[in-house]
Each structure stands twice: as C-alpha cells, then as structure tokens.
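Colleague: Handing you a structure now.
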Amino acid sequence: MAVRDEVYVAACSDYEEKRVEECIRRMIQDQGGAEVFLKKGKNVVIKPNLLMARAPEAATTTHPAVVKAVCRVFQEQGARVTIADSPGGVYNKTALSKVYRFTGMERVSQETGAFLNWDFSSRKRRFQGVKQRNFDIIAPIAQADVVISIAKMKTHMMTYFSGGVKNLYGVIPGLTKAAYHSQHPGRQDFARLLVDLCRYVQPAYTILDGVEGMDGKGPSGGRVRHGGVLFGSQNPFALDLAAMEYCGLVPERSPVHQEGGKLGLVPFESRHLTLRGDRLEPLQPPFVPAIQQSGSRFSWAPHFLRPWLERVMNPFPHITPRCVGCGDCARACPRQALHVANGKAHLDKRKCIKCYCCHEMCPIKAIDV
C-alpha cells in the first residue's frame, strides 16, 4: 500500500442530495476525477458500512445519499458499479434483502441503476503481512477492479474508532468474522488483523460519512452525533487519524492506529497530515469514547500478557431486561458464550472474550457494557 498522508475535508451540514453530491464531486475532482481511478478497469465495487438493518437516521450505517453521489460520479465515466458488503450475522439473501431495504441501498440501486450484490460466494486469498494471512474475501471485492470504501464515523467498543480501516472487516463473509474474532481475541492482535486486511484490499479511495456519526457505545449502541463533515483519502489510516482528531478522540488509544503507525502506514501525529479542502475546527463537545479506558492502556505490558489483562480488566457485556430473546447475539458470538433460554439471552462469562460482538449486533440495544 502506497503511503499518502493527504486527507480531503468537506463541510457538509446535512444529507440534502445536491449538497452531498457537490461535496463528493469536489473530493473526487481533487484526485483528478473519477477517470483516474478507472485506469485499472471499470468494475467498481462500492463498499459501504451496512452493519445491520437499520434506518439511515440511526447513524449506524453509511447514509444512502453519500452512496448515491459516489455511484453517479463513477457511472458518468462509464463504470459498472456494484454495492457490496457482508453485514454482521448471517450472509444470505434473506438477511441481505432486509439490510438493503432498511439502509436505503435498495432505493439507491433503483434510482441509479447500480447493482446490489447477490453473490454470497467467497475467495481464499493469501497475504503476507504482519504474519501470513489466509483471508476469506467476499466475491465482489475479490473480483473488483476498483474498490471505493464508504465508512461511517463512529466510536467502537473493541477498536476505539470505526472508520476507513475497520470498514473493510465487512469484506469477510458472514459468520467467518466471528471466527476471526475468536482467533484474535486481544485488541492489539485483532488490530493487526485489520491492518493486514486493509493492506490486502487496498481500496482506491476511502470516504468517511461524518455528516451524522455515533459516539458513546458504538458502533451500534451509541448516540447520534452531528459531525457535519465528509472525509476522503487514498490512505484509510490517514483518514482515520484526521477524523479522530476532528472528533476530539485520542488516536493513541486506537490499537489500529498504533499498529498502522508501527508499520509506517500513517504518521503517529496528525500535524504530519496534509489537509485539503475546508478548514474545520474540532467538534465541541468531543465524541465520548465507547469505553472510557481502552484496552490500549495495556501497551506497556508484554504482548503475551495483554489479552489476559484485557479479559480481566475490561467489563463483561450485560443483558438488560429489554432483551426479547431474538438470538442475534448468540449467533454473532465467536465463542458460543451466549444462549437463549426462557425468552432471554444468557452469558457464560467463562467463555466470553469481551469482543462485544453481541453488543454490536443487538438490534434493540438490549446489551449494555
């Protein structure tokens, strides 16, 4: 992955379609236009954040107005555009149909002619990164000429921040994501996996939807926060650094930023970034982190001790009385630490690795931390 530390910043007060499209056009034109990205081919896959079947107003998923604008910009240059993501949970037609409908992607497809992905196969890909990886990648991403990633600006229970790099975890099919969590239970180990995955995918361009974001117990259980901004960069690590600074978050607490910095993929400090476009002051009040003390506070400890310290010191998820026993948490759990009995979910703390996938996938925010 070529390292470029330029990030484009576009002030965008709301999701009015003309306003969003104008921002996206400025952003892409700053790179030389969409045609610059199509030199490798015209099979373009847009990878939004479609974590779950929620309405755009919940700020859990990428807003359809942003996806629609990107579709139009690339279609004007003759691109064949497909919208593809593997949401949390099962990866099949029934689940994805619901996600496309709730998130507004179905409407984007109808209005632009962009294709929705219905191919649920995947491809094995080897990558030599921090260690040898054998990734399982959803077919549309594996076969794309150009990947445009459109992430959502959110805090995250496990990775501190969910932006451009974390968005690419959605190229792993369905419940295979849970298996990867199980194999990488520590925050730093999981962060290294995300770094290598990003280096493999190498999105041609990453856009961060921060018009409305989420702070607190993200990426799905937090509160909606108005950000009024869109970020864009060829370097997802640089984009995330700029966004964290804008949100008033502390980049040093992001394990993904730490690991990317060690590999020279991003400066450790935002003052080394080149910001283009609009000049914006950091948000006030700043974003509230998902967990007030991130697992990165154990960076002083030997690597082999960190997962144990995180398991001991970080809180267990808590099943609240709001639980209706739908079972989404149990299906998402990488260690089968949850089961449903008598209409309620129950947690076996002996098995829990505190990845918070259950909290992330609960559709009614019935799991607290």
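Every residue, every condition in (1) open to solvent by less than 20 Å² (accessible area, probe 1.4 Å); (2) in contact with a strand residue (DSSP E or B) (Cβ under 7 Å, 6 or more places away or on another chain); (3) part of a helix (DSSP H, G or I), yes or no:
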| residue | (1), (2), (3) |
| --- | --- |
| 4 | no, no, no |
| 15 | no, yes, no |
| 35 | no, no, yes |
| 47 | yes, yes, no |
| 50 | yes, no, no |
| 81 | yes, yes, no |
| 91 | no, no, no |
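Colleague: Additional query: Taking the options 115, 102, name whichever one is open to solvent by 70 Å² or more (accessible area, probe 1.4 Å), under 19 Å from the mean Cα position of the chain (by Cα) and either at negative phi or modelled with pLDDT of 95 or more (or both). Full working, then the answer.
Modeller: Numbers: 115 fails: under 19 Å from the mean Cα position of the chain (by Cα).
That would be 102, the only listed residue that is open to solvent by 70 Å² or more (accessible area, probe 1.4 Å), under 19 Å from the mean Cα position of the chain (by Cα) and either at negative phi or modelled with pLDDT of 95 or more (or both).
Colleague: Restricting segment 174-191 to residues that are open to solvent by less than 20 Å² (accessible area, probe 1.4 Å) and not in a helix (DSSP H, G or I), which is nearest to residue 334 (Cα to Cα)?
Modeller: In this case the residue turns out to be 184.
Colleague: A further question on this structure: Check 112, 61, 82 and return the single one that is in contact (Cβ under 8 Å) with a residue 24 or more places away in the chain, touching a Leu at 6+ places or on another chain (Cβ under 7 Å) and hydroxyl-bearing (Ser, Thr, Tyr). If you could, list the steps in order and put the result at the bottom.
Modeller: On the way: 112 fails: touching a Leu at 6+ places or on another chain (Cβ under 7 Å); 82 fails: touching a Leu at 6+ places or on another chain (Cβ under 7 Å).
It is 61.
Residues are listed down the side, and each one gets a yes or a no for (1) out of contact with any Cys (no Cβ under 7 Å at 6 or more places or on another chain); (2) modelled with pLDDT under 95:
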| site | (1), (2) |
| --- | --- |
| 265 | yes, no |
| 296 | yes, yes |
| 327 | yes, no |
| 332 | no, yes |
| 369 | yes, yes |
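Colleague: Can you list residue pairs whose Cβ atoms sit under 8 Å apart, with the first residue in segment 208-222 being within 21 Å of residue 7 (Cα to Cα) and open to solvent by less than 10 Å² (accessible area, probe 1.4 Å) and the second being among the acidic types (Asp, Glu) and modelled with pLDDT of 95 or more? Count only pairs 6 or more apart in sequence or on different chains.
Modeller: What qualifies is 208/240; 211/14.
Colleague: Follow-up. Output the residues belonging to segment 334-367 that are modelled with pLDDT under 95, outside any loop (DSSP other than H, G, I, E, B) and either open to solvent by 30 Å² or more (accessible area, probe 1.4 Å) or acidic (Asp, Glu) (or both).
Modeller: 360
Colleague: Okay, next question. Output the qualifying pairs, or none if there are none: Cβ atoms under 7 angstrom, residues six or more apart or on different chains, first residue in segment 134-149 and under 21 Å from residue 70 (Cα atoms) and of a type outside the set (Ser, Thr, Tyr), second residue at pLDDT below 95 and part of a strand (DSSP E or B).
Modeller: Cβ pairs passing all conditions: none.
The values are calculated or read from the model by the stated rules, or taken from the named source; none is laboratory data. Note that the structure is predicted; figures quoted are calculated from it, not measured. Positions of Cβ are backbone-derived with ideal geometry, glycine not excepted, and every protein chain shown enters the neighbour counts. Accessible surface areas use protein heavy atoms only, side chains included; no ligands, DNA or RNA. Shrake-Rupley method; radii C 1.70, N 1.55, O 1.52, S 1.80 Å.
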